[in-house]
Amino acid sequence: MPSKVSKPQGPVKARPVLTETAIARLDRLARGADVFEFGSGGSTLWLAQRAARVVSVEDNPDWHKAVVAGLRRLGTPAEVRLVTTKRIPDAIGDTGLWDVVFVDCWTQEERRRSILLGAQHVRPGGWLVADDYDFPKVADGVNRLRDQGWAVEVIAGTKLHPVRKVTVRTSTAFCHKPEDACS
Ligand SMILES: C[S@@+](CC[C@H](N)C(=O)[O-])C[C@H]1O[C@@H](n2cnc3c(N)ncnc32)[C@H](O)[C@@H]1O
């Protein structure tokens, strides 16, 4: 079942749905990096303006179309794959290793599975960034990485909720894979 999200209202803005502090932190990690993203949106355009390579997977056809149109408008390259909701986590399977994996898709169970599968595709010394750490399934995935020796820093703050359009408290987990980890 595709995510039940309101349709994009007008052109997508090149900006992630994250707190200001988390955006600044992701900015430092993304510049010149190879980035894989679960859940497309303004972040995909923003990443494409900074990263060396971006592949993003999305389950909502309206958002997929709007993000592809936004990339074309800005003239920034990124590959945006449309898959069914259940297949989001597996979409990273054939793509190799990444400097940064960003987990921010709509549904919680797919976020949890994307964290666990995505972690296997982070190069040693690379990063997995998971938004909404305050959601139990996101915390569950991130805590599994912590148990495997990853260093986890959680950045808390406020952001505008993309659908409800109210300011919400939220947190983003920045998970650093050990240099000596087997990928
Ligand atoms: C939390 S949004 C985050 C998407 C993206 N990583 C970003 O930061 O722009 C998760 C899902 O909601 C949809 N979506 C993307 N941008 C949205 C927006 N600005 N407002 C509402 N829904 C959005 C897409 O289906 C996306 O996969």
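Karplus-based coupling profile of the stretch 43-48, in residue order and whole Hz: 4, 5, 5, 4, 5, 4, with θ = phi - 60° in 6.51 cos²θ - 1.76 cosθ + 1.60 and x standing for Gly or Pro. Normalised by 2.2 N^0.38 Å, where N is the number of residues, the alpha-carbon radius of gyration of the stretch 1-106 equals 0.98. Solvent exposure of the chain amounts to 47 Å² per residue of accessible area, where only protein heavy atoms count and the probe is 1.4 Å. Report in % the part of the accessible area of the stretch 20-176 that belongs to carbon and sulfur, leaving out ligands and nucleic acids; probe 1.4 Å. Its accessible area is 52 percent carbon and sulfur atoms.
Provide Rg over Rh for the chain; use the alpha carbon set for both Rg and the Kirkwood Rh (inverse mean inverse pair distance). Looking at the chain, the ratio lands at 0.93.
Quick one: net charge of ARG112's neighbours, Cβ under 10 Å, K/R +1, D/E -1? Walk me through the intermediate numbers first.
Numbers: positive: ARG111, ARG113, LYS137, ARG144; negative: GLU109, GLU110, ASP140.
Net charge in that neighbourhood comes out at +1.
Each Lys or Arg adds one and each Asp or Glu subtracts one; over the other residues with Cβ under 11 Å from the Cβ of LEU18, this totals -2.
Close amide H contacts of GLY126 (hydrogens built in the peptide plane, cut-off under 5 Å, sequence separation of 5 or more or a different chain): LYS177. Karplus-based coupling profile of the stretch 98-105, in residue order and whole Hz: 10, 6, 9, 10, 10, 9, 7, 7, with θ = phi - 60° in 6.51 cos²θ - 1.76 cosθ + 1.60 and x standing for Gly or Pro. The H on the amide N of ALA51, modeled in the peptide plane, is under 5 Å from the matching H of GLY32, each at least 5 residues off or on a different chain. Separation between the HIS161 and ASP94 pseudo-spin-labels, each 7 Å from Cα along Cα→Cβ, expressed in nm? Roughly 3.8 nm, to one decimal. For the stretch 108-164, trypsin sites (Lys or Arg not before Pro) are listed when DSSP marks them as loop and at most 14 other Cβ atoms sit within 10 Å of their Cβ; the list is ARG164.
The values are calculated or read from the model by the stated rules, or taken from the named source; none is laboratory data. The shown structure was predicted, so the numbers you read here are calculated from the model rather than taken from an experiment. Cβ coordinates were reconstructed from backbone atoms using ideal geometry, including for glycine residues, and neighbour counts include every protein chain displayed. Side chains are part of the model used for accessible areas, which takes the heavy atoms of the whole protein and leaves out ligands, DNA and RNA. Shrake-Rupley method; radii C 1.70, N 1.55, O 1.52, S 1.80 Å.
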